[in-house]
Amino acid sequence: MGTTAVEGKLAGKTALVTGGSRGIGRAIAERLGRDGATVAVGYARDETAAREVVARITKDGGRAFALHAELGTHGDAARLWAAFDEGTRAYGNGGAVDIIVNNAGVGYDSELSGIDEETFDKVYAVNVRAPFFIVKEGLARLRDGGRIVNVSSGASRIALPRIIAYASTKGALDTFTLNLAKELGPRGITANSVAPGIIHTDINASWLRGNPEAEAEAAALSALGRVGQPEDVADVVAFLASDDARWVTGRVIDATGGSGL
Ligand code: NAP
């Protein structure tokens, strides 16, 4: 018989996954739930999807709740943690968290010439400012020995001027990760970034889904010859969230399937 969520590696832990309703975040939430964590499934607009993720986790014997938190506006982190306190009350854990996964992010396809200040601020507000303040405001709740995983992108490590603003948000996130690792190390808290390559999710749907030519081109970028799936990233996050990764911190872990080698 397989291990149940109650006996899993993360049993007794509580995890927050922002953007847990769809795509990579959904796969992360489901995986952490299977590993035994109580999962706060963050979402902004798609409540139905978040509730589906919660149902999936609980059906498999895990514990989860949907957490409404629209990120990208001032005060978003404080509102998120207030909703988290409300959600965790049922589990009597006193609002503590063990694993913070900053996954929610927005893409923006444009060269330098096409970015205005408003768009720049919006992309940075969701991809950089929100994770920054979620961690800052969450530190009192984050237990010693905890984990922070920031979902970055392979785009922060190569030049892709076509997505210059988005790519630079992920560079900022990686530097945030590096500094968090140093600051929080004395408490046994690790902080790492995971950098996916092209993954089949809604963020890429407009150009990738149902387009065999684009699929072939995207697959050819990876040494493994295919486009990634959300679970390819979720399994790496699950490793970093586990005790197995206790000696890994301040790093950007590549999950691009060997893209651009
Ligand atoms: P996705 O399929 O578009 O899903 C985005 C998720 O983030 C949804 O759960 C969405 O919630 C949530 N979200 C979006 N805007 C939000 C906001 N303002 N406040 C709160 N939540 C918000 O995206 P994905 O492809 O899974 O991407 C997840 C992360 O991986 C992102 O940080 C992205 O940059 C990174 N990444 C993705 C790829 C890729 O190829 N897919 C590659 C490298 C890195 P609602 O649906 O409820 O609005």
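Yes or no: the stretch 147-159 includes at least one residue that is of a type in the set (S, T, N, Q), open to solvent by less than 80 Å² (accessible area, probe 1.4 Å), within 21 Å of Glu231 (Cβ to Cβ) and assigned to a strand (DSSP E or B).
yes
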Say whether the condition of being touching a Phe, Trp or Tyr at 6+ places or on another chain (Cβ under 8 Å) and more than 27 Å from Glu52 (Cβ to Cβ) is met by at least one residue in the stretch 82-93.
-> no
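Among the residues in the stretch 236-246, are any over 19 Å from Leu10 (Cβ atoms) and in contact (Cβ under 8 Å) with a residue 60 or more places away in the chain?
Kept after step one, since they are over 19 Å from Leu10 (Cβ atoms), are these residues of the stretch 236-246: none.
Scanning the stretch 236-246, I find no residue that is over 19 Å from Leu10 (Cβ atoms) and in contact (Cβ under 8 Å) with a residue 60 or more places away in the chain, so the answer is no.
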Could you check Val135 against (1) surrounded by fewer than 17 Cβ atoms within 10 Å (Cβ to Cβ); (2) closer than 24 Å to Val39 by Cα and say which number it fails?
-> (1)
Taking the stretch 183-209 as the region of interest, how many residues are within 16 Å of the ligand (Cβ to nearest atom) and surrounded by fewer than 15 Cβ atoms within 10 Å (Cβ to Cβ)?
-> 5
Evaluate the stretch 239-252: report whether one residue or more is within 25 Å of Gly33 (Cα to Cα), of a type in the set (Ser, Thr, Tyr) and surrounded by fewer than 20 Cβ atoms within 10 Å (Cβ to Cβ).
-> yes
May I ask you to list the residues in the stretch 14-53 that are among the β-branched types (Val, Ile, Thr) and surrounded by fewer than 24 Cβ atoms within 10 Å (Cβ to Cβ)?
-> Thr48
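In the stretch 100-133, how many are within 16 Å of the ligand (Cβ to nearest atom) and either over 20 Å from Val194 (Cβ atoms) or not small (Gly, Ala, Ser) (or both)? Don't jump to the end; show me each part of the working.
Taking the stretch 100-133 and keeping what is within 16 Å of the ligand (Cβ to nearest atom), we get 100-110, 118-133.
Next cut, either over 20 Å from Val194 (Cβ atoms) or not small (Gly, Ala, Ser) (or both) only: 100-103, 106, 108-110, 118-129, 131-133.
Number of matching residues: 23.
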Phe176: within 16 Å of the chain's Cα centre (by Cα), farther than 16 Å from Thr73 by Cα and at pLDDT 95 or above, yes or no?
-> yes
Residue hits (the stretch 97-129; modelled with pLDDT of 95 or more, exposed (fewer than 14 other Cβ atoms within 10 Å of the Cβ) and in a loop (DSSP other than H, G, I, E, B)) are Glu111, Asp116
Answer with yes or no whether Asp235 is more than 10 Å from the ligand (Cβ to nearest atom), exposed (fewer than 13 other Cβ atoms within 10 Å of the Cβ) and either among the hydrophobic types (A, V, I, L, M, F, W, C) or farther than 15 Å from Ser152 by Cβ (or both).
-> no
Near pairs, Cβ below 9 angstrom, 6+ apart or cross-chain, from the stretch 145-162 (over 29 Å from Leu16 (Cα atoms)) to any residue that is away from the ligand (no atom under 11 Å from the Cβ) = Ile158/Gly260; Pro161/Glu111; Pro161/Leu112; Arg162/Asp109; Arg162/Ser110; Arg162/Glu111
Of the numbered conditions (1) within 15 Å of the ligand (Cβ to nearest atom); (2) touching a residue at least 40 places away in the same chain (Cβ under 8 Å), Arg45 satisfies every one except a single condition; which is it?
-> (2)
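Here's the yes/no breakdown for (1) within 20 Å of Glu86 (Cα to Cα); (2) in a loop (DSSP other than H, G, I, E, B); (3) away from the ligand (no atom under 15 Å from the Cβ):
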residue: Gly19; (1), (2), (3): yes, yes, no
residue: Gly25; (1), (2), (3): no, no, no
residue: Val39; (1), (2), (3): yes, no, no
residue: Arg51; (1), (2), (3): yes, no, no
residue: Arg56; (1), (2), (3): no, no, no
residue: Leu67; (1), (2), (3): yes, no, no
residue: Leu71; (1), (2), (3): yes, yes, no
Failed condition for Asn93, given (1) polar (S, T, N, Q); (2) under 15 Å from the mean Cα position of the chain (by Cα); (3) open to solvent by 10 Å² or more (accessible area, probe 1.4 Å) | (2)
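The values are calculated or read from the model by the stated rules, or taken from the named source; none is laboratory data. What you see is a predicted model, and the numbers here were worked out from it, not measured in a lab. Using ideal geometry, Cβ is built from the backbone for each residue, glycine included, and neighbour counts are taken over all protein chains shown. All accessible areas refer to the heavy atoms of the entire protein, side chains included, with ligands and DNA or RNA removed. Shrake-Rupley method; radii C 1.70, N 1.55, O 1.52, S 1.80 Å.
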